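The values are calculated or read from the model by the stated rules, or taken from the named source; none is laboratory data. Values in this document were obtained by computation on a predicted structure and should not be read as measured data. Positions of Cβ are backbone-derived with ideal geometry, glycine not excepted, and every protein chain shown enters the neighbour counts.
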Amino acid sequence: MARRIHDEDLQAIEEAVRRHPEGITATEIAGTLDSAPPRRTLQYRLKSLVDGKRLVMEGEGRWARYRAARIEAAAGTTAARDGAEGDAVPPLSRSGAEIREYVRGPSETRKPVGYNRAFLDSYRPNDSFYLTPAERAHLGAVGMPRIAEQPAGTYAKRILGRLLIDLSWNSSRLEGNTYSLLDTRRLIDLGEEAQGKGRLEAQMILNHKDAIEFLVDTADEIGFNRYTILNLHALLANNLLADPDATGRLRHIGVGVERSVFHPLEAPQLIEECFDQILATASAIADPFEQAFFVMVQLPYLQPFDDVNKRVSRLSANIPLIKRNLSPLSFESVPRKAYADAVLGVYEMNRVELLRDVFIWAYERSAASYAAIRQSLGEPDPFRLRHRTALRAVVGAVVRGRMGKKQAVAHVGAWARESIEPAERERFQETAESELMSLHEGNFARYQIRPSEFAAWREAWNR
C-alpha cells in the first residue's frame with residue numbers, strides 16, 4: 001500500500017522550493033525546512049511533487065535541482081493576461097492557485113460575505129504568523145543592504161530619487177494609472193504632465209511622491225499609529241476624493257468593492273475600533289516583514305477610508321522596511337490582475353496565501369533591483385545626509401523668494417544662525433551656497449521646486 005503523504009508536508013517543501021527560483025537541491029531543501037524528514041522520506045515526497053507537476057526536476061542524482069512549476073490556467077489565457085503588463089508572472093503555491101481559481105469564478109457563484117472581525121481578533125502578534133520562519137529569514141537575507149548600522153531611513157534616503165519614481169509608478173499602475181515609467185519620471189523630475197493623460201493620473205502620482213517623501217523624511221517619527229496612517233491617507237488622497245473633508249479621516253459611509261461579493265463594515269464606531277486594533281497589533285509585531293505583510297492584509301480588508309485604501313496599505317508596508325534600513329518594496333513588475341486576485345482572496349475567503357505569493361515574489365525583485373543600485377552609488381556624505389531637510393528648506397526658500405546672490409548669502413547666513421548648531425554653521429552655509437551654485441534644470445526637482453519657480457529665480461540670480 002502506498003504511503004499517505006500529508007498535504008501540509010508537501011506544501012512546506014513546495015514553498016521552500018518556490019523561494020529559490022534558480023533551483024535548489026534536496027540537501028538544500030532539507031536545510032530550509034523547520035523539521036526536515038529523513039532523506040528517503042524527503043526523496044519520496046519530492047518524487048510525489050514532481051509526478052504531480054507541482055515541481056520540476058532538472059538533472060539527476062544528488063545534483064538534481066528542483067524548481068516550482070508555473071501554474072497556468074486552461075489554454076494559457078490567464079497567464080497571458082497576467083503577463084501583459086510585464087515579462088514575469090509570480091509563481092504560485094498550490095494554495096495560491098486554489099484561491100485564484102475561486103476569485104476568478106463568476107461573481108454569482110461566489111458566496112456573499114461581510115467583514116469577519118474574528119479574522120483580526122484571532123491574530124496574536126509574535127505568536128500568529130502569516131509568513132513562515134523560513135520565509136521571514138529568506139526575506140531578511142535578500143532585503144538587507146549590508147551597510148553599517150545607521151539612523152532610521154538612511155538607506156531609503158540614499159536611493160530616494162529612484163524610489164520616488166519606482167514606487168509612485170508601480171503603486172499607481174496597480175490602480176489602473178496609464179502613465180508610463182518615462183512619463184512618471186518626467187512628471188516627478190521636471191513637473192511635466194504627459195500629453196493626452198487625465199489630470200487625475202498626474203495627481204495620483206504626485207500624491208505618491210509626497211507620501212513617500214513624508215515616510216522617508218520622518219523615518220524616525222513614523223510608525224503604526226494614527227499620526228502616520230491618517231496623514232499618509234491625506235497625502236495619497238489629496239485632491240482625489242469627492243468629499244475633500246474625507247482625506248485623512250476614517251470612513252463614515254458605506255462602500256462597496258468593485259467586482260467582489262465582499263461587503264465591508266458600515267458602522268463608524270466598529271471601523272474605528274478595528275482600525276485602532278490593527279495599528280496596535282502591527283506595532284506589537286517584532287519582525288519587519290511580518291509587519292509589512294500584516295498591514296497589506298488587514299488594512300484593505302477593513303476599508304477604513306472612503307477610498308485609496310490599497311494605496312495606503314502598500315506604502316504602509318514600507319514603514320518597517322524604511323525604519324530598519326531594509327530594501328523597500330516597490331511592487332516592480334507585479335501584474336495588476338495578480339495583485340487584484342490576491343486582495344480578493346483576503347476579502348472573500350480570509351486567505352492570505354495568494355497575496356503572500358505575490359508579496360514574496362515582489363520583494364525579491366525589489367531587493368535585487370535596489371541592491372544593484374546600491375552597488376553603483378558611492379558612500380553618502382554624512383553631513384549632507386544629516387542636514388538634508390534643512391538644506392532643502394533653505395535652498396527652496398531662496399529659489400521661491402527669487403533672491404539674487406547677495407540676498408541669498410545673507411538669508412542662508414541668518415538661517416544657519418537661527419537653526420544650526422554653532423559648530424556646524426560655517427560648513428552648513430558653505431554647503432547650502434554650493435548647492436545653490438550647482439542648481440540647474442536637471443536637478444532642481446529634488447528641492448521640491450516647480451519649473452516656474454526655478455525659471456523666475458534664475459533670472460534674478462543671473463542679474
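Being closer than 18 Å to LYS157 by Cα, more than 19 Å from the chain's Cα centre (by Cα) and crowded, with 16+ Cβ neighbours inside 10 Å is true for just one of ASP217, ASP189. Which residue is that? Sole residue among the options that is closer than 18 Å to LYS157 by Cα, more than 19 Å from the chain's Cα centre (by Cα) and crowded, with 16+ Cβ neighbours inside 10 Å: ASP189. Modelled with pLDDT of 95 or more, within 18 Å of GLU221 (Cα to Cα) and over 17 Å from the mean Cα position of the chain (by Cα) - does that describe any residue in segment 286-299? Within segment 286-299, one or more residues are modelled with pLDDT of 95 or more, within 18 Å of GLU221 (Cα to Cα) and over 17 Å from the mean Cα position of the chain (by Cα). crowded, with 24+ Cβ neighbours inside 10 Å, assigned by TED's automatic domain parsing to the domain that holds PRO106 and of a type outside the set (A, V, I, L, M) - does that describe any residue in segment 250-263? Within segment 250-263, not a single residue is crowded, with 24+ Cβ neighbours inside 10 Å, assigned by TED's automatic domain parsing to the domain that holds PRO106 and of a type outside the set (A, V, I, L, M). With respect to (1) crowded, with 18+ Cβ neighbours inside 10 Å; (2) out of contact with any Asp or Glu (no Cβ under 9 Å at 6 or more places or on another chain), the lone exception for ASP166 is condition (2).
Within segment 276-287, being in contact (Cβ under 8 Å) with a residue 60 or more places away in the chain and not hydrophobic (A, V, I, L, M, F, W, C) holds for GLN277, THR281, SER283, ASP287.
Checking the conditions here, which among THR41, THR27, THR78 is in a helix (DSSP H, G or I), of a type in the set (S, T, N, Q) and modelled with pLDDT under 80? Break it down into steps so the answer makes sense when it comes.
Details: THR41 fails: modelled with pLDDT under 80; THR27 fails: modelled with pLDDT under 80.
Only one candidate passes the filter, namely THR78.
Among the residues of segment 45-75, the ones that are loosely packed, with under 15 Cβ neighbours inside 10 Å and either at pLDDT 80 or above or in a helix (DSSP H, G or I) (or both) come to 7 in all. Applying a threshold of 6 Å to beta carbon distances and a minimum spacing of six or more residues, or different chains, the list of pairs starting in segment 383-406 at a residue that is hydrophobic (A, V, I, L, M, F, W, C) and ending at one that is part of a loop (DSSP other than H, G, I, E, B) and at pLDDT below 90 reads VAL399/ILE449.
Only residues in segment 293-304 that are β-branched (Val, Ile, Thr) count as the first member; pair them with residues that are in a helix (DSSP H, G or I), Cβ under 6 angstrom, at least 6 apart or cross-chain, and list the lot. So the pair list comes out as VAL295/ALA282; VAL295/SER313; VAL295/SER316; VAL297/VAL346.
Selection within segment 308-328: residues that are modelled with pLDDT of 95 or more and of a type in the set (D, E, K, R). The member of this set that is surrounded by the fewest Cβ atoms within 10 Å (Cβ to Cβ) is LYS310. Please state which of the following conditions ARG117 fails to meet, knowing it meets all the rest: (1) farther than 15 Å from VAL346 by Cβ; (2) more than 25 Å from the chain's Cα centre (by Cα). In the conditions (1) farther than 15 Å from VAL346 by Cβ; (2) more than 25 Å from the chain's Cα centre (by Cα), ARG117 misses (1) alone.
So that you can scan it fast, the table gives a plain yes or no per residue for (1) without any contact (Cβ under 8 Å) to a residue 24 or more places away in the chain; (2) in a helix (DSSP H, G or I):
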residue: ILE253; (1), (2): no, no
residue: GLN269; (1), (2): yes, yes
residue: CYS274; (1), (2): no, yes
residue: ASP307; (1), (2): no, no
residue: LYS310; (1), (2): no, yes
residue: LEU315; (1), (2): no, yes
residue: LEU326; (1), (2): no, no
residue: VAL334; (1), (2): no, no
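Scan segment 283-297 residue by residue and report those that are more than 18 Å from PHE331 (Cβ to Cβ) and part of a helix (DSSP H, G or I). SER283, ALA284, GLU290, listed by residue number. If you check ILE271, ILE229 for being over 18 Å from the mean Cα position of the chain (by Cα), under 16 Å from PRO300 (Cβ atoms) and at pLDDT 95 or above, only one passes: ILE271.
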